[in-house]
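Inspection log for the structure reproduced underneath, given as structure tokens.
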Amino acid sequence: MGTHSKQTVVREKKSVRVRAKIARNRDRHRLTVFRSNRNIYAQIVDDAGGVTLVQASTMDKGFRRNPGEAFNRDTAREVGKRLASRALEKNIVRVVFDRGPYLYHGKVKALADGAREGGLDF
């Protein structure tokens, strides 16, 4: 196992499994999610070029609430909408959703729903 904890290894294996299925859709960009206890981050990545095209998070300047306060489903949905509006400005409409090691429910699902409401297709 080396220097990684069992939890880290399990999380990495889940991410690899999800991304292996996503890799089949090379014609679309990847919308990836990272969630910590206090913030949620989303970005649209061009895997062919290895660059981030658009990003949004609860850390964006002027976005929300008191510093240090944890986010909820409503703020996750707002992050999704904000990401979608930035993507539409760059003519990105179709993406593949990469949930990473997270289950598709709660805050991750709220972010995805917000992105769909904002106009992204996945």
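Would you mention how many residues in segment 1-27 are of a type in the set (D, E, K, R), modelled with pLDDT of 80 or more and part of a helix (DSSP H, G or I)?
Matching residues across segment 1-27 total 5.
When you scan segment 33-54, do you find a residue that is out of contact with any strand residue (DSSP E or B) (no Cβ under 9 Å at 6 or more places or on another chain), farther than 19 Å from Leu120 by Cβ, loosely packed, with under 12 Cβ neighbours inside 10 Å and of a type in the set (D, E, K, R), even just one?
no
Give me the pairs: first residue in segment 98-121 and closer than 28 Å to Val10 by Cα, second residue surrounded by fewer than 17 Cβ atoms within 10 Å (Cβ to Cβ) and acidic (Asp, Glu), beta-carbon distance under 8 Å, and six or more apart or on different chains, which are they?
Pro101/Glu12; Ala110/Asp74
From the list Ile44, Ile40, which one is closer than 13 Å to Arg99 by Cβ, touching a residue at least 40 places away in the same chain (Cβ under 8 Å) and out of contact with any Gly (no Cβ under 6 Å at 6 or more places or on another chain)?
On inspection, the qualifying residue turns out to be Ile40.
Any residue at all in segment 59-73 that's part of a helix (DSSP H, G or I), over 11 Å from the mean Cα position of the chain (by Cα) and either charged (D, E, K, R) or surrounded by fewer than 17 Cβ atoms within 10 Å (Cβ to Cβ) (or both)?
Yes, segment 59-73 contains at least one residue that is part of a helix (DSSP H, G or I), over 11 Å from the mean Cα position of the chain (by Cα) and either charged (D, E, K, R) or surrounded by fewer than 17 Cβ atoms within 10 Å (Cβ to Cβ) (or both).
Please determine whether any residue of segment 79-100 is within 16 Å of the chain's Cα centre (by Cα), more than 17 Å from Ala115 (Cβ to Cβ), outside any helix (DSSP H, G or I) and not aromatic (Phe, Trp, Tyr).
Checked segment 79-100: no residue is within 16 Å of the chain's Cα centre (by Cα), more than 17 Å from Ala115 (Cβ to Cβ), outside any helix (DSSP H, G or I) and not aromatic (Phe, Trp, Tyr).
The values are calculated or read from the model by the stated rules, or taken from the named source; none is laboratory data. As the structure is a prediction and not an experimental result, all values here were calculated from the model. Note that each Cβ is placed from the backbone with ideal geometry, even for glycine, and that neighbours are counted across all protein chains shown.
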